[in-house]
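Student: The structure's right below; bear with me while I get my questions together.
The values are calculated or read from the model by the stated rules, or taken from the named source; none is laboratory data. Note that this is a predicted model, so its numbers are computed, not measured. Here the Cβ positions follow ideal geometry from the backbone for every residue, glycine too, while neighbour counts run over all protein chains shown. Accessible surface is based on the protein model in full, side chains and every heavy atom, while ligands, DNA and RNA are left aside. Shrake-Rupley method; radii C 1.70, N 1.55, O 1.52, S 1.80 Å.
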Amino acid sequence: MDGQRVDLEVPGTDHRLGVLRYGHYGRPVLVFPSEAGRAEDFASNGMVEAVSGLVQDGRVSFFCVDSIDAWSWSDRSVSIEERARRHRTYQGWLDRAVLPWIEEQTGGRHEMIALGVSMGAYHAVHFAFQRADVAPLVIGLSGNYDVGSWHAWGERGDETYFANPTDYVGGLHGDQLDWLRARLSVLLVVGQGAFETHPTGALPSTRSFAALLAEKQITHQLDVWGEDVAHDWPWWQRQLAHHLPRFC
């Protein structure tokens with residue numbers, strides 16, 4: 001299935017990042033790739049094909065974005081605080097370039113789904129917490145939601161805290177928490193097979209993050225698959241095909 005790609009300027013830089021669209025109608029889904037991935041990865045790894053019926057029936061339209069992980073979270077040469085600071089540039093691109101383009105493509109603002117696999121699941125969850133006004137539903141497949149566990153070093157300050165769901169969700173309270181309780185739904189899916197515990201930490205992180213959501217009474221579902229279910233695309237295809245139809 002062919003997609004329509006556009007490269008959008010990253011605010012405050014000379015760089016551009018890509019967005020690739022699949023589908024012409026239906027609920028928009030903002031898709032984040034796995035670590036250091038590209039917008040093309042979602043389709044090239046069979047994810048669009050896994051739910052092709054939804055696309056062809058006009059029920060869903062995917063907007064897949066490039067990552068900047070190689071410059072931010074995956075750059076072990078810089079401290080965790082600097083990685084978080086760089087990530088803020090990416091958030092600015094999503095807010096100021098990607099969302100307006102999606103609204104232009106869909107003819108206005110529609111309630112989106114944020115979706116990601118592996119490190120992309122972190123991106124999707126973090127985006128939804130920052131922008132629950134536009135993405136009230138997030139689906140994270142095999143995610144690790146604690147940036148402090150990603151070969152982190154250096155002093156952790158405000159940049160890290162506000163980029164780390166495991167930190168800031170624990171600190172939610174008052175009106176902001178009440179609004180998220182009323183607005184946001186989180187679906188966390190993970191397997192118990194190869195690479196879900198080592199080296200990714202996805203299984204323990206997903207379970208602990210779900211427990212944190214339960215403590216904060218934020219609407220969520222935890223779906224833990226079997227011991228044969230690996231941290232890999234064929235399983236993510238099945239998980240997406242299992243869950244997505246009920247949301248679009």
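Student: Accessible surface of Trp179 in the full protein assembly, 1.4 angstrom probe, to the nearest 10 Å²?
Tutor: 120 Å²
Student: Any idea what % of Cα-Cα pairs in the range 91-209 are farther than 19 Å?
Tutor: Tail of the P(r) past 19 Å holds 51 percent of the pairs.
Student: Within 14 Å, Cβ to Cβ, of Gln192, how many net charges do the neighbouring residues add up to if Lys/Arg are +1 and Asp/Glu are -1?
Tutor: -4
Student: Let me check I've understood the local charge: for Gly92, count other residues with C-beta under 13 angstrom from its C-beta, Lys and Arg +1, Asp and Glu -1. What total comes out?
Tutor: +3
Student: Moving to a separate point now. Roughly how many whole Å is it from the C-alpha centroid of the range 119-187 to that of the range 25-100?
Tutor: Cα centroid to Cα centroid, the span is 16 Å.
Student: Can you give the translational diffusion coefficient of the range 189-240 in µm²/s, computed by Stokes-Einstein from the Kirkwood radius over Cα pairs at 10 °C and 1.306 mPa s?
Tutor: 140 µm²/s
Student: So, with a 1.4 angstrom probe, what is the percent of accessible area on the chain that is carbon and sulfur?
Tutor: The computed percentage sits at 47.
Student: Given a cut-off of 20 Å, what percent of all Cα-Cα pairs of the range 1-92 lie beyond it?
Tutor: 41 percent
Student: Give, in whole angstrom and from largest to smallest, the semi-axes √(5λ) of the equivalent ellipsoid of the chain, with λ running over the eigenvalues of the Cα gyration tensor.
Tutor: Working through the eigenvalues yields semi-axes of 24, 22, 19 Å.
Student: In whole angstrom, how long is each semi-axis of the equivalent ellipsoid of the range 14-55, when you take the square root of 5 times every eigenvalue of its Cα gyration tensor and sort them from largest down?
Tutor: 20, 13, 8
Student: Using the Cα gyration tensor of the range 79-127, with a ≥ b ≥ c the square roots of its eigenvalues, what is the shape: rounded (a/c below 1.5), prolate (a/b larger than b/c) or oblate (neither)?
Tutor: Cα axes put the range 79-127 in the oblate bin.
Student: Follow-up question, since we're still on this one. Tell me the per residue accessible area of the chain using a 1.4 Å probe; a whole number in Å² is fine.
Tutor: Heavy-atom SASA per residue in the chain reads 43 Å².
Student: While we're on this one: Projected onto the charge dipole of the chain (+1 at Lys/Arg Cβ, -1 at Asp/Glu Cβ, origin at the Cα centre), which of Tyr161, Ser79, Ile139 gives the Cα projection farthest towards the positive end?
Tutor: Of Tyr161, Ser79, Ile139, it is Ile139.
Student: State the extension gain, in nm to one decimal, for the chain segment bounded by Asp167 and Asp95, taking 0.36 nm per residue of separation less the distance between their alpha-carbons.
Tutor: Going from the current span to full extension adds 23.7 nm.
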